[in-house]
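Working notes, beginning with the structure itself.
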Amino acid sequence: MISGATRLYVVLGDPVTQVRSPGLLNPLFARLDVDAVLVPVHAKPADLARVVGGLQAIGNLDGIFVTVPHKTAAAGLAARRSPMVEITGSANALRREADGSWYAENFDGLGFVAGLVAAGHDPKGQRVALVGAGGAGSAIAAALLAAGADRLAVCDPDTAKLHALRDRLDAHWPGRTATSAEPDTGGAGLVVNATPLGLDPGDPLPFRPRLLPPGCVVADIIMKPAETRLLREAAELGHPVHYGMHMLDGQLDSYRAFFGWP
């Protein structure tokens, strides 16, 4: 039951109809006996700073979850940022601090790797191809290297963004990241789509499953639809597939610790 004492959380995105976090976190609040509610908020990029500033003025709002396309911009709106946010340049959660300011963290990569490991796809020692160097892709890149991926090939048409990410990754894991404008999936044991391609049924494929090595695991971070065209075609070719929902499932314990839920 929502009451006058209920604490508020929002998830910001554009679009926001595809978000699955309210369906996971609101039942979690009920199980944990936390008097809180998470609601979706549709915010256009041009309005993001004004929306985040307005939310900061709401006294009973404790945190913001951030989804596409705001993760990079949201990192810049926080007064303080975690080491992971500094490496990736993006954030997917903002927590209100005691002084009312925002502290930014990014759990996308940690959640993605946790989901992979739970599904039996440990990236340690693997050659990984990652498509997309945006907010989620940057976090996944860092987490894959931290988890022991042997070699990471990242592609994105935005070469400035791509090279900036490689520089940040090389500062922590030197010489293990290669970049390109087009997908480089040769020899990969795991290929990840970290782009929005697949949200719309008419979207082109982020890469061609027919060109992948046999047995290569194909992962998508899109949560709705659960089965994207990419995953469907990869499965039809006999590739193991990994669904986007696993990334969110893998973040729940991290969120509990970050926001101080029991």
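Considering every alpha-carbon pair of region 7-106, the percent of pairs per 5 Å bin, from zero through the bin containing the longest distance, is 2, 14, 24, 25, 21, 11, 2, 0. The residues packed around G260, meaning those with a beta-carbon under 10 Å from its beta-carbon, carry a net charge of +1 if Lys and Arg are +1 and Asp and Glu are -1. Here the Gaussian network model covers the chain, with springs between Cα atoms less than 10 Å apart; of V128, V66, V34, V34 fluctuates the most. The relative contact order of region 7-106, computed from alpha carbon pairs under 8 Å that lie at least 6 residues apart in sequence, is 28 percent.
Around the amide H of A79, modelled in the peptide plane, lie the amide H atoms of W102, all under 5 Å away and 5 or more residues distant in sequence or on another chain. Couplings 3J(HN,Hα) of region 177-192, computed from phi: 10, 10, 10, 7, 7, 10, x, 10, 9, x, x, 6, x, 8, 10, 10 Hz, in residue order, whole Hz [Karplus 6.51 cos²θ - 1.76 cosθ + 1.60, θ = phi - 60°; x for Gly and Pro].
Counting only Cα atoms, region 109-247 measures 38, 30, 25 Å along its principal axes, largest extent leading.
Working from label points 7 Å from Cα in the Cα-to-Cβ sense, the D167 to K224 distance is 3.8 nm.
Rounded to 0.05, the FRET efficiency of the A160 and E182 pair, given R0 = 22 Å and the Cβ-Cβ distance, is 0.85. Bridge orientation summary for the chain: considering DSSP beta bridges with both residues in this region, about 20 percent are antiparallel. Here the chain is treated with +1 on each Lys and Arg Cβ and -1 on each Asp and Glu Cβ, and its dipole about the Cα centre works out to around 100 debye. Extension gain, A5 to R208, is 68.0 nm, computed as 0.36 nm per intervening residue step minus the present C-alpha separation. Could you let me know the centre-to-centre spacing of region 1-62 and region 194-262, using Cα atoms, in angstrom? Distance between centres, Cα-based: 24 Å. Taking amide H as placed 1.01 Å from N in the peptide plane, T179 has its amide H under 5 Å from the amide H of V154, each at least 5 places away in sequence or on another chain. Note on the chain: GNM, Cα springs under 10 Å; of D220, D14, D158, the largest mean-square fluctuation is that of D158.
Each reported figure results from applying straightforward, stated rules to the coordinates on display, with no laboratory input. Owing to the predicted nature of the structure, the values given are computational and were not obtained by experimental measurement. For neighbour counting, all protein chains shown are included, and Cβ atoms are generated from backbone atoms with ideal geometry for every residue, glycine included.
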